[in-house]
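Remarks on the structure that follows.
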Number of protein chains: 2
Amino acid sequence: MRYQIITTDGRAKRAAVETVHGTIQTPVFMNVGTVAAIKGAVSTDDLRGIRTQVQLSNTYHLHVRTGDKLIRQFGGLHKFMNWDRPILTDSGGFQVFSLSGLRKIKEEGVYFQSHIDGHKIFMGPEESMQIQSNLASTIAMAFDECPPSHADFKYIQNSVDRTTRWLERCQREMARLNALPDTINQEQLLFGINQGGVVDEIRIQHARTIAEMNLSGYAVGGLAVGESHEEMYHILDVTVPHLPQDKPTYLMGVGTPANILEGVDRGIDFFDCVYPSRNGRHGHVYTNFGKLNLFNRKYELDSRPIEEGCGCPACKSYSRAYIRHLLKAKEMLGMRLCVLHNLYFYNTIMEEIRDAIEDHRYASYKAEKLERMAAGPQ
Amino acid sequence: MRYQIITTDGRAKRAAVETVHGTIQTPVFMNVGTVAAIKGAVSTDDLRGIRTQVQLSNTYHLHVRTGDKLIRQFGGLHKFMNWDRPILTDSGGFQVFSLSGLRKIKEEGVYFQSHIDGHKIFMGPEESMQIQSNLASTIAMAFDECPPSHADFKYIQNSVDRTTRWLERCQREMARLNALPDTINQEQLLFGINQGGVVDEIRIQHARTIAEMNLSGYAVGGLAVGESHEEMYHILDVTVPHLPQDKPTYLMGVGTPANILEGVDRGIDFFDCVYPSRNGRHGHVYTNFGKLNLFNRKYELDSRPIEEGCGCPACKSYSRAYIRHLLKAKEMLGMRLCVLHNLYFYNTIMEEIRDAIEDHRYASYKAEKLERMAAGPQ
């Protein structure tokens, strides 16, 4: 992997990340395909059509459902999904902590129950790396604990210390796996994850500690889990400067277009979020003038596309009225068109962001964009 | 409308039907889009991609759901769905008799309850024509009664006599509507429907009666409702010769690839059926070697497309194993890919059929095709 900063504008970085599966132009928004499929009947062919750079799949879901061993037998996630561009897999940790029922956190890892059939599973740093190695993603995420947002200082400190020890084990295990002759992607990259809730000193100390571990990239995790936007921006303000400047940074699970604009302004390269696909499935669509709810009666006879001038597959062919009709009739096509539009909208914002940084006009671009989106729907 | 027989081969006809929305090459399979959308997240853009000629929408569903008046205000179904090729709408009769709860058949029409909210609706020949005129389809179907398959001779005879009287009213009302200055499609075509259960003499007499009414086309209805395939083929054998040879014929709601091959051999031009989309949504996919059930465990690691050499969007990019994974994970994309494949399969068979008739080798083509499909999956 090679991380090359093309230019900067304030704290915003315009960079390129070279991987075995091609180069990622950052800042980038990764499109979330939970179980190796974008929800809303969207295929990898569709993703190519809307200029998606990176697809994100969930380790936990693929482990408990189809099985990472089967995907390994098939030749890895890229072959399975017919996607030759970069794939990032999460560690499974977030889902273990948010989806599973009874769970027990021990030094060795986490004992928990499958959310599908309740059977007992153990996952620790080594298991997470093994599963991600089977999936053969481009970028694997370290196995961490995301402490509950209401946790106290002591809980967070203990949790973060354990996450650091787990990260060391992830790094060792990934090195071992990448050296095995029958590993599908022997150049799999490992990103570490900074934790620490909204406690500045823990965040900073943890960032300094993991920065010394020479990982391929660094994520800020445990945000967008209930804290305010201001708290999130503050944590980025104090934390990102302590992460290596010559490595990509990733703000996990974030967020709204406004969150992304602010994250970029604080030096973030990678983003991912279920918002565009989840909102799309509920008929909520993004425009440069804010979000529209297509279930609203006022679109009943609206012959305009979701957004005038948008080049997405929905806007090029279909009206608000028709998509509203599909949504109300519970036709899957309605969800598909809204999801395609939203993902295209996010991908397009990222292109604009990259252009603005290159032209060193990011501050004015961001201000105008935020103002226009806040103005509300036309 | 102009119906031009290009050539015949035995009783099979290869024809072209010129309409205001373009020419239909027959024999043709119409793709069913119940509420102005093909189930399985398939759009009109997708239909163009798989070479669909005619889209079929259901009058009853559009009437009770979005409302034909709204679609008329929008400029008709073509504009609403962004589809400029021919559209056929059914009369609503079949759904009135199959979907609604309490219903009362009177000389004036049918009183029934909406299957959505139970509110009372009346539909007679005039109402059906008015709704279809609002939708502005290319071809409107006459409002008829499809008698229950267990009905006795007397019931069927009375029902068919009433269907004839209703047809006369449909014809008058359609002529009146087409002459109105603000009618969207003033050249809307009306097809009559032959009924009579599996009673030869009623079928024949009814065919003779309606043949004299100079309609734009003639359908054989009330088949594929529980009788055997042999009974259906027999009814076609005795009935079709009494329908005008210089008008298109349409076998409603039929059927399997084998049914279509047999129907073409008995002089049928138009077909429609929910099988390819409904089967697709359940993971049942058509191949030249019979149907596959993709839920079957044996496809778990099968890296082949559904059918080798198939040019559909599913087969060009995805494996049986991946589609199986999507279906099992209940991802909509699995259904979409299977529906696209099945519709493409049907459209391709129709192309082969047209080529075979043109080359005067329909009998041998049909025999080989049936034998290969009966051989079972590879």
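The values are calculated or read from the model by the stated rules, or taken from the named source; none is laboratory data. Model, not experiment: these values are computed from the prediction. Cβ atoms come from the backbone with ideal geometry, glycine included; neighbour counts cover every protein chain shown. Areas reflect the complete protein model, heavy atoms only, side chains present, ligands, DNA and RNA absent. Shrake-Rupley method; radii C 1.70, N 1.55, O 1.52, S 1.80 Å.
Here are some notes:
- Which listed residue, of B:Ser43, B:Ser57, is under 26 Å from B:Val264 (Cα atoms) and among the hydroxyl-bearing types (Ser, Thr, Tyr): B:Ser57
- Test: residue in region B:1-11 that is crowded, with 22+ Cβ neighbours inside 10 Å and either farther than 30 Å from B:Ser364 by Cα or more than 13 Å from chain A (Cβ to nearest Cβ) (or both): no
- Residue in region B:309-326 that is polar (S, T, N, Q), closer than 19 Å to B:Leu47 by Cβ and part of a helix (DSSP H, G or I) present: yes
- Consider region B:219-254 and keep the residues that are touching a helix residue (DSSP H, G or I) at 6+ places or on another chain (Cβ under 7 Å) and closer than 15 Å to B:Asp272 by Cα. The one that is most open to solvent (accessible area, probe 1.4 Å) is B:Ala224.
- All positions within region A:172-188 that are part of a helix (DSSP H, G or I) and surrounded by fewer than 19 Cβ atoms within 10 Å (Cβ to Cβ): A:Arg172, A:Ala175, A:Arg176, A:Asn178
- Hits in region B:22-74 (condition: among the hydroxyl-bearing types (Ser, Thr, Tyr), facing chain A (nearest Cβ under 9 Å) and more than 29 Å from B:Cys312 (Cβ to Cβ)): B:Thr66
- Residue within region A:144-160 that is touching a Pro at 6+ places or on another chain (Cβ under 6 Å) and open to solvent by less than 20 Å² (accessible area, probe 1.4 Å) present: yes
- Residue in region A:256-264 that is assigned to a loop (DSSP other than H, G, I, E, B), among the hydrophobic types (A, V, I, L, M, F, W, C) and at negative phi present: no
- Count of residues meeting criterion [out of contact with any strand residue (DSSP E or B) (no Cβ under 8 Å at 6 or more places or on another chain), open to solvent by 10 Å² or more (accessible area, probe 1.4 Å), part of a helix (DSSP H, G or I) and within 11 Å of chain B (Cβ to nearest Cβ)] in region A:328-346: 3
- Looking across region A:347-359, the residues that are assigned to a helix (DSSP H, G or I) and more than 16 Å from A:Ala16 (Cβ to Cβ) come down to A:Asn347, A:Thr348, A:Ile349, A:Glu352, A:Ala356.
- Qualifying positions in region A:190-248 - among the polar types (S, T, N, Q) and either in contact with a Lys or Arg (Cβ under 6 Å, 6 or more places away or on another chain) or assigned to a loop (DSSP other than H, G, I, E, B) (or both): A:Gln195, A:Asn214, A:Ser216, A:Ser228, A:Thr239, A:Gln245
- B:Tyr286 vs. criteria closer than 30 Å to B:Ile139 by Cα, touching a residue at least 60 places away in the same chain (Cβ under 8 Å), assigned to a helix (DSSP H, G or I) and open to solvent by less than 20 Å² (accessible area, probe 1.4 Å): no
- Filtered residue count, region B:115-143, keeping only those that are farther than 22 Å from B:Phe80 by Cα and open to solvent by less than 10 Å² (accessible area, probe 1.4 Å): 5
- Number of residues in region B:298-327 that are touching a residue at least 12 places away in the same chain (Cβ under 8 Å), within 26 Å of B:Val32 (Cβ to Cβ), within 12 Å of another protein chain (Cβ to nearest Cβ) and among the charged types (D, E, K, R) equals 2.
- Selected residue (criterion: farthest from A:Val339 (Cα to Cα)) from residues of region B:355-364 that are touching a strand residue (DSSP E or B) at 6+ places or on another chain (Cβ under 7 Å) and surrounded by fewer than 22 Cβ atoms within 10 Å (Cβ to Cβ): B:His360
- Within region B:223-237, residues that are hydrophobic (A, V, I, L, M, F, W, C) have Cβ atoms under 7 Å from residues that are in a helix (DSSP H, G or I) in these pairs: B:Leu223/B:Met232; B:Leu223/B:Ile235; B:Ala224/B:Met232; B:Ile235/B:Arg203; B:Leu236/B:Gly263, counting only partners at least 6 apart in sequence or on another chain.
- Taking each residue of region B:169-186 that is acidic (Asp, Glu) and looking for partners that are in a helix (DSSP H, G or I) with beta-carbon atoms closer than 6 Å, six or more apart or interchain, yields B:Glu173/B:Glu126; B:Glu173/B:Met129.
- For region A:69-96, a residue qualifies if it is open to solvent by 30 Å² or more (accessible area, probe 1.4 Å) and under 17 Å from the mean Cα position of the chain (by Cα), and the qualifying residues are A:Arg85, A:Phe94.
- For region A:75-91, the set of residues classified as of a type outside the set (D, E, K, R) and away from every other protein chain (no Cβ under 11 Å) consists of A:Gly76, A:His78, A:Pro86, A:Ile87, A:Leu88, A:Thr89, A:Ser91, listed by residue number.
- Every residue from region B:37-64 that is open to solvent by 10 Å² or more (accessible area, probe 1.4 Å), at pLDDT 95 or above and part of a helix (DSSP H, G or I): B:Asp45, B:Asp46, B:Arg48, B:Gly49
- Tabulated pairs, region A:149-164, first among the hydroxyl-bearing types (Ser, Thr, Tyr), second open to solvent by less than 20 Å² (accessible area, probe 1.4 Å), C-beta under 6 angstrom, 6+ apart or interchain: A:Ser159/A:Glu145; A:Ser159/A:Pro147; A:Thr163/A:Asp144; A:Thr163/A:Glu145; A:Thr163/A:Gln195
- Tabulated pairs, region A:132-148, first at positive phi, second open to solvent by 10 Å² or more (accessible area, probe 1.4 Å), C-beta under 6 angstrom, 6+ apart or interchain: A:Ala136/A:Ile184; A:Ala136/A:Asn185
- Within region B:15-34, residues that are closer than 14 Å to B:Leu88 by Cβ and at pLDDT 95 or above have Cβ atoms under 9 Å from residues that are open to solvent by less than 10 Å² (accessible area, probe 1.4 Å) and acidic (Asp, Glu) in these pairs: B:Val17/B:Asp269; B:Ile24/B:Asp269; B:Thr26/B:Asp269; B:Val28/B:Asp269, counting only partners at least 6 apart in sequence or on another chain.
- Output for region B:3-36, where each listed residue is assigned to a loop (DSSP other than H, G, I, E, B), closer than 25 Å to B:Val339 by Cα and β-branched (Val, Ile, Thr): B:Thr34, B:Val35
Residue-by-condition table, conditions (1) in a loop (DSSP other than H, G, I, E, B); (2) in contact with a His (Cβ under 9 Å, 6 or more places away or on another chain):
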site	(1), (2)
A:Ile71	no, yes
A:Arg85	yes, yes
A:Ser91	yes, no
A:Phe97	no, no
A:Phe112	no, no
A:Gly118	yes, no
A:Ile121	no, yes
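- Test result for A:Ala367, surrounded by fewer than 18 Cβ atoms within 10 Å (Cβ to Cβ) and at pLDDT 95 or above: yes
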